[in-house]
1. Quick one: how many residues across the stretch 60-69 are part of a helix (DSSP H, G or I), away from the ligand (no atom under 16 Å from the Cβ) and surrounded by 16 or more Cβ atoms within 10 Å (Cβ to Cβ)?
2. Can you name the residue in the stretch 86-98 that is in contact with a Lys or Arg (Cβ under 8 Å, 6 or more places away or on another chain) and not in a loop (DSSP other than H, G, I, E, B) and is also nearest to the ligand (Cβ to nearest atom) among such residues?
3. Considering only the stretch 38-59, state which residues are within 10 Å of the ligand (Cβ to nearest atom) and part of a loop (DSSP other than H, G, I, E, B).
4. Give just the number: which of (1) modelled with pLDDT of 95 or more; (2) away from the ligand (no atom under 16 Å from the Cβ); (3) outside any loop (DSSP other than H, G, I, E, B); (4) not charged (D, E, K, R) does GLN181 not satisfy?
5. Considering (1) on the phi > 0 side of the Ramachandran plot; (2) more than 13 Å from the ligand (Cβ to nearest atom), say which one THR208 fails and leave the rest.
6. Picking from ALA101, ALA133, ALA116, ALA110, which residue would you name as being closer than 25 Å to GLN233 by Cα and either away from the ligand (no atom under 15 Å from the Cβ) or loosely packed, with under 14 Cβ neighbours inside 10 Å (or both)?
7. Tell me whether the stretch 303-323 contains one or more residues that are surrounded by 22 or more Cβ atoms within 10 Å (Cβ to Cβ), among the polar types (S, T, N, Q) and either touching a strand residue (DSSP E or B) at 6+ places or on another chain (Cβ under 7 Å) or modelled with pLDDT under 95 (or both).
8. Tally time: how many residues in the stretch 192-216 are under 27 Å from ARG147 (Cβ atoms), loosely packed, with under 14 Cβ neighbours inside 10 Å and in contact with a helix residue (DSSP H, G or I) (Cβ under 8 Å, 6 or more places away or on another chain)?
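The values are calculated or read from the model by the stated rules, or taken from the named source; none is laboratory data. Everything quoted here is computed from the prediction, not taken from an experiment. Reconstructed Cβ throughout: ideal geometry from the backbone, glycine too, with neighbour counts over all protein chains shown.
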Amino acid sequence: IPVDAFDLVIFGGTGDLAKRKILPGLYRRFWAGQMPAESRIIGAARADLDDAGFRKLVADAIDEFVSQDKRDEAMIAQFLERISYVSIDATGTGGWDQLKAMMRSGVVRAFYFSVAPALFGAIAERLSSNGIADSESRIVVEKPFGRDLASAQALNATLAAHFAERQIYRIDHYLGKETVQNLMAVRFANILFEPIWKAQYIDHVQITVAETVGVEGRGAYYDKSGAMRDMVQNHMMQLLCLIAMEPPYHFDPNAVRDEKLKVIRALDPVAPQDIVRGQYLAGGGQGGYIEHSENPASRTESYIAMKVHISNWRWAGTPFYLRTGKRMRARASEIAIVFKEPPHSIFDHASGWRENQLVIRLQPNEGMNLMVMIKEPGPGGMRLVQVPLDMSFADALGEEGADIPDAYERLIMDVIRGNQTLFMRGDEVEAAWAWADPIIEGWEGRGEKPQGYDPGSSGPDDALMLMHRDGRRWREIR
Ligand code: NAD
């Protein structure tokens, strides 16, 4: 379904994110017929380029990041006709008049801040003081949204000085993933799951985001961040909220975000013994974290595992285990809902019983599996075997289902539609920092060093113990 025609200005249009995700994503939406022909995309960045120069950059990005089957020469040419460029320094005065003159009335006006957060305030201020943005315009802001509660509050206040909350779209691309939204469909469009979606029937939940890459090239940035700030406070917290939230009264942006906020507020402080921090060592012919961070005494974690409790009626007693790391054995993001044992077994446990699990895979191979027990076929008596009920899109929905749009392109279309459901509200972000701050301050105050772990492993040994001591085990990272 096509969205309304729009003018989209991308600040930082020449940057890495724009080239890899935003511009190729917009092209794919154009190719799919979702971006109306009257729409315009305007790159805005410091580089001294003209329209032709920027179109060349966009064409190269399409070449590199769009799959062959969608690269149609005539289509690309039509897309490029809709692209222009204005050279603007976010902190200067030049270029803003030119940008204002390019804006049209009668179309959706959106501004994507794909620049360092330090520039968000300057851009917001200039958009409003120059009359480029109006009360219906939308702004999209990238991560990181603050590095603690105080900085997030300051950033919210800066944006709020020029834009209303309903105009602000804080991107968390995890929320744009098809399976993440499917999690809500599975929970709230079926009668099967919701009755057992509670501590009484769920033993625990595991959320894993494992990467095989290290911090190469981003060492200086990452060293000020670490896994807690870069991954847990935002992406993993959002996943946790979608699993744990109460059913919203309607699939409406504020109804959903109200429920997520309640989850964050119900999180217990995390005890030091429930957190394991790690830092990858050198190995496999590559340097360790320390070599990449440029700080030989760095205490920044590239891995974290933690046990989190949600103190409310639904979840009391059911822990959520989170872990994320770089340089792990495999690249895998998944959520596993691990159910309890049946109350009474009529079969011999030794015959292969395992717990039911609902496994939601975010990457690679987005999809869901429900692990159920059946009888092992054959004459061997009543032997149980666990099999997956595969709910992957590719199989169930054919080719169309397998052609999953990238998170960014879906989210940008939501901005044009004016739908904030999959964007973080300011109070959610602040509540998540309010939870994370004392944890970070705790280990900084104690001068805690992360434990070394081997690249290609599944993290420090203590992370295994975090589960083992509770009589549980992590799913294998594959
Ligand atoms: P980048 O350094 O590759 O690009 C920065 C862009 O900002 C360039 O277009 C540059 O011209 C522009 N810019 C810099 N200073 C400017 C100024 N004073 N005035 C106008 N334009 C200016 O950065 P990036 O990797 O594209 O990241 C952009 C934003 O997206 C950052 O907030 C980053 O944290 C976030 N982000 C990036 C990624 C990623 O994969 N690259 C992922 C998630 C979030």
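1. Number of matching residues: 1.
2. SER87
3. Within the stretch 38-59, ARG46, ALA47, LEU49 meet the criteria.
4. (1)
5. The failed condition is (1).
6. ALA116
7. Among the residues of the stretch 303-323, not one is surrounded by 22 or more Cβ atoms within 10 Å (Cβ to Cβ), among the polar types (S, T, N, Q) and either touching a strand residue (DSSP E or B) at 6+ places or on another chain (Cβ under 7 Å) or modelled with pLDDT under 95 (or both), which makes the answer no.
8. 1
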